[in-house]
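The values are calculated or read from the model by the stated rules, or taken from the named source; none is laboratory data. Since the structure is predicted, the reported quantities are computational estimates derived from the model, not experimental observations. Don't worry about glycine lacking a Cβ; one is built from the backbone with ideal geometry, like all the others, and counts go over all protein chains shown. All accessible areas refer to the heavy atoms of the entire protein, side chains included, with ligands and DNA or RNA removed. Shrake-Rupley method; radii C 1.70, N 1.55, O 1.52, S 1.80 Å.
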Amino acid sequence: MMKIFGATLVVAALLAAGGAQAQKKTLVIGMGSADAGKLDPHVASTTPDKGLLQYIFNGLVRMKPGQISPDTIEPDLAESWTSNPAGTEWTFHIRQGVQCHWGYGEFTAEDAAYSIKRAANKNTSSYSNDFSSIASADPLDRYTLKITLKNPVAGFLGYVANINGGNMVCKKAAEEMGDGFSKKPIGTGPFMFAEYQPQQYVRLVANKQYFRGAPMLDEIMYRYIPSDSSRDLAFQSGELDMIYGKQDQSWVDRTKQLEGVKVLAMEPGELSTLFLNITVKPLDDIRVREAIAYAIDRKSIVAFKGAGSSREAVSVVPSGYLGTDEHAPLFPYDPAKAKELLTEAGYPDGLPVKTIHTTLTGMETFIEAAQAQLKKVGVNLDIQLVEHATYHAQIRKDMSPLVHYQAARFPVADVYLTQFYDSASIVGTPKAVTNFSHCNVADDEIRAARVEPDSVKQKELWKTAQEKIIKAVCGIPVYEQLQLWAWKDNLDLGYELKGSLNLAPPVTEKTHFLN
Amino acid sequence: MTAFLIRRIAFAFVTLFSVLTLVFVIVRILPGDPAQLILGDQASREAIEAMHVRLGLDQPILLQYASFLGNALRGDWGVSMMTGQPVLAEVLNVLPWTIELTLVSLALGIAIGVPLGVWAAVRRNRLADYIVRIASLAGLSFPAFVSAIILLFLFAIELRWFPVISAHKGSLQAWTQSITLPAISLGLNSAAYITRVTRSAMLEVLSEDYVRTARAKGVPQRIVVWRHALRNALIPIITVAGLYLSTLIGNSVLTEIVFSRPGLGKLIVGALNQRDYTMLEGMMVIYTLAVVVVNLLSDLAYGLVDPRVKLA
């Protein structure tokens with residue numbers, strides 16, 4: 001029997017020998033998810049979907065490939081732009097001769113206007129909130145787009161960059177396909193959607209008419225491989241050229257030892273924050289919140305998470321954003337002070353605090369470490385683990401007095417402050433986003449900064465807002481988790497990679513294999 | 001026979017209806033909002049409510065239930081909330097992958113398990129028996145995802161005989177490449193199970209009077225074991241193999257994930273994570289149907305292997 005079994009294995013192996021190798025002109029990317037979601041750039045919200053869509057779409061402007069700072073914004077579909085001094089009227093001059101994929105015609109100002117309106121529509125976009133300040137978006141002629149804002153918007157160009165709602169869709173394709181657009185996205189980018197095999201891959205082919213020149217690669221195979229181990233093995237066996245890493249330090253250390261491999265912990269860092277609901281007992285007592293803040297040791301947490309893949313938080317807004325106070329007065333680690341404050345607040349023997357938490361591994365390891373630190377001062381963190389979808393639902397129903405959340409946003413302080421600390425975003429309210437702490441202490445500064453045309457004053461307002469939020473302990477920022485990727489060193493990306501707001505390395509017309 | 005079939009089919013309908021109702025209730029009791037999961041964590045409450053209207057989740061629950069049952073009766077399983085594609089099309093897309101993996105691994109399980117089980121039974125309490133018993137116990141206790149990773153490491157990384165991504169089709173070579181390691185990973189587990197069942201069924205039969213009589217008449221050992229004894233031991237083996245087939249469909253999820261293969265297991269886990277109500281409901285119909293059909297086929301198979309069984 002064993003002989004037959006062995007013989008079968010050998011025959012199968014012989015038949016299989018010489019299997020397909022990734023060709024030099026095909027880039028095979030391994031992404032950590034089981035399948036594609038909605039491949040509509042105005043709806044897509046997950047790392048795998050955003051990562052893929054960046055190869056298909058352009059914005060009116062873009063962050064320089066490999067960079068995430070708004071300072072690097074450069075022309076994309078718009079060749080140039082102007083705005084009035086108040087920053088409420090923007091005129092974009094659209095590049096001529098840009099072709100939509102698969103023969104959907106030339107991209108014009110009409111497509112751009114349609115795209116902006118689509119991104120602002122709550123029925124067709126996840127990002128409609130971002131565009132709530134837009135009064136109108138109209139083509140003045142075939143190549144000129146005028147956008148009028150109800151009020152100035154901090155870092156407005158970022159909203160029309162190649163991320164989220166800023167991705168430009170082709171009107172004819174989007175209207176013709178309706179809901180089907182999310183399974184056959186049509187854009188203007190360097191790669192065109194060619195094929196989708198459920199639970200396997202999306203295949204993109206080079207857009208030979210790309211306005212920056214035909215891509216050097218012929219094809220991108222974007223494979224969905226949810227198992228971290230299988231992705232690593234397929235990378236080692238040469239079936240994948242680039243992979244989304246397991247988000248922990250041991251993966252970095254292990255992968256760095258492989259030959260011919262580059263590993264990068266790239267921007268943006270997702271800021272891990274403990275949000276404390278300031279309206280419920282016992283967290284409504286500032287002394288209890290301060291005690292929790294004093295009890296968290298950011299340095300140890302980063303040592304635990306791995307210094308090569310994470311770093312200490314600097315403020316309630318992630319580091320490097322336009323307006324982040326890089327030296328914000330965060331609470332230092334002081335367990336003695338924490339105990340003192342708890343005693344003063346009437347909890348000399350400590351107190352229990354409940355949190356509903358996701359089972360996502362990277363986040364779970366942190367909350368367990370935080371639990372151990374809090375226990376030292378007498379705060380017994382009661383962690384109720386639920387799977388991820390349940391976690392999202394329950395924290396939005398105010399069921400968790402302490403919420404651990406990890407997020408990166410467009411790198412302008414206004415976005416983070418508005419979504420997490422403006423009282424209009426308090427969970428449960430009509431405009432609710434992710435203000436879990438019910439924070440309302442910096443509304444005036446956040447709202448004033450949003451419409452402040454003077455950038456110096458604007459930064460001052462953001463700084464004050466951050467100080468007030470830290471002082472009120474609405475949130476305790478702890479660490480920033482970087483995005484981990486690895487690729488074969490014979491792949492020349494064609495630019496210097498520091499980060500990507502779409503959370504995956506860009507593949508441009510210049511990306512190619514060296515041999 | 002006809003009365004038996006009618007009864008079983010009627011029973012299958014009742015089972016399906018109960019399962020559908022249960023699934024409808026359970027997926028809605030689960031916390032988690034499909035609209036939130038579709039739109040992501042930056043979506044406002046207004047956008048989420050607009051999505052509820054589009055998905056029909058703003059309707060009263062009884063109305064949703066009535067429309068769900070009505071559609072199910074008409075064979076309309078709706079479209080996936082997550083992808084917007086028809087549920088049936090999504091299921092049919094991956095179903096061949098699951099059927100193929102399940103059948104090949106079950107065949108492998110039978111091919112290894114039945115002879116090993118017989119061999120062990122015939123050599124009861126001798127070294128061979130002990131080895132088979134220990135090996136089958138180890139096979140049962142060994143999680144499929146661990147054996148899968150070991151197989152990949154050995155045959156895909158060290159020996160480079162097979163690819164890690166086992167999802168290629170088109171030619172015999174590609175198919176062989178795609179199926180071998182996943183089928184071994186899943187098949188070893190079923191082989192262990194079938195070995196144990198075969199051994200115990202054979203032990204029972206081997207102590208029957210007619211076996212002793214056959215031996216007394218001088219019938220060669222080979223004929224006694226393989227023709228007289230095994231044939232009579234087949235009923236429990238078929239029952240177990242049949243039941244195990246439905247378990248295999250469920251077990252295949254880990255194998256699908258590790259070998260990066262498409263399949264029903266991955267589809268249902270994805271639907272559950274995303275709270276894709278319509279997809280979950282459609283999938284449960286498939287699973288229920290699969291279990292009902294497999295059980296029915298097992299019952300019918302009894303009649304074929306044992307003329308004493310009357311299906312009435």
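Odds and ends about this structure:
- Residues located in segment A:114-155, provided they are in a helix (DSSP H, G or I) and surrounded by fewer than 20 Cβ atoms within 10 Å (Cβ to Cβ): A:Lys117
- If you check B:Ser260, B:Ser246, B:Ser252 for being within 14 Å of chain A (Cβ to nearest Cβ) and modelled with pLDDT under 80, only one passes: B:Ser252.
- Considering the conditions (1) touching a helix residue (DSSP H, G or I) at 6+ places or on another chain (Cβ under 6 Å); (2) at pLDDT below 90; (3) small (Gly, Ala, Ser), A:Ser132 is excluded by exactly one of them, (1).
- If you go through segment B:231-265 and keep only what is part of a helix (DSSP H, G or I), closer than 21 Å to A:Leu233 by Cβ and over 10 Å from the mean Cα position of the chain (by Cα), you end up with B:Leu254, B:Thr255, B:Glu256, B:Ile257, B:Val258.
- Considering residues of segment A:401-412 that are surrounded by 24 or more Cβ atoms within 10 Å (Cβ to Cβ) and at pLDDT 95 or above only, the residue farthest from the other protein chains (Cβ to nearest Cβ): A:Leu402
- Summed over segment B:16-60, residues that are open to solvent by less than 40 Å² (accessible area, probe 1.4 Å) and assigned to a helix (DSSP H, G or I) total 17.
- Breaking point among (1) within 14 Å of chain A (Cβ to nearest Cβ); (2) in contact with a Gly (Cβ under 7 Å, 6 or more places away or on another chain), for B:Trp161: (2)
- Per-region count, segment A:52-66, residues buried (at least 24 other Cβ atoms within 10 Å of the Cβ) and part of a loop (DSSP other than H, G, I, E, B): 7
- Residue ranges of strands (runs of 3 or more DSSP E) in segment A:181-286 with at least 3 members away from chain B (no Cβ under 14 Å): A:191-197, A:201-206, A:261-276
- From A:Val353, A:Val415, residue being assigned to a strand (DSSP E or B) and in the same structural domain as A:Gln466 (by TED's automatic domain parsing): A:Val353
- Some residue of segment B:132-141 being facing chain A (nearest Cβ under 10 Å) and open to solvent by 20 Å² or more (accessible area, probe 1.4 Å): no
- Some residue of segment B:185-193 being part of a helix (DSSP H, G or I) and surrounded by fewer than 15 Cβ atoms within 10 Å (Cβ to Cβ): no
- Qualifying residue in segment B:124-141 (condition: more than 22 Å from the chain's Cα centre (by Cα), of a type in the set (D, E, K, R) and not in a helix (DSSP H, G or I)): yes
- Among the residues of segment B:164-178, the ones that are more than 7 Å from chain A (Cβ to nearest Cβ), open to solvent by 10 Å² or more (accessible area, probe 1.4 Å) and on the phi < 0 side of the Ramachandran plot come to 5 in all.
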